[in-house]
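Have a look at the structure below, then the notes.
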């Protein structure tokens, strides 16, 4: 748990750099971060043609990891951190593909 939290914080700190260079490839993410695959990103961004999202629940925080397709493969570009209850209030309890 402590290792996952540290990785999540590291990803949040580096999310601004992710737009300039590939901070974390999807391959590295897949091997190190426990997550669930989302059929579509909350809010519909990015579109499936542009990228995809993954999610993790760490304590009371719900993290949404956004990946964009690039020349070197999928790359992490943003991590959204929500309190779980805030996420549910915004997006609901039933997940529907946008």
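Coordinate-derived values only; no laboratory data. What you are looking at is a predicted structure, and each value in this text was computed from that prediction instead of being measured. Positions of Cβ are backbone-derived with ideal geometry, glycine not excepted, and every protein chain shown enters the neighbour counts.
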Whether any residue in region 52-75 is in contact with a strand residue (DSSP E or B) (Cβ under 6 Å, 6 or more places away or on another chain), buried (at least 16 other Cβ atoms within 10 Å of the Cβ) and in contact (Cβ under 8 Å) with a residue 60 or more places away in the chain is what I want to check. no
Filter result (crowded, with 18+ Cβ neighbours inside 10 Å, more than 16 Å from residue 27 (Cα to Cα) and touching a residue at least 24 places away in the same chain (Cβ under 8 Å)) within region 37-51: 41, 42
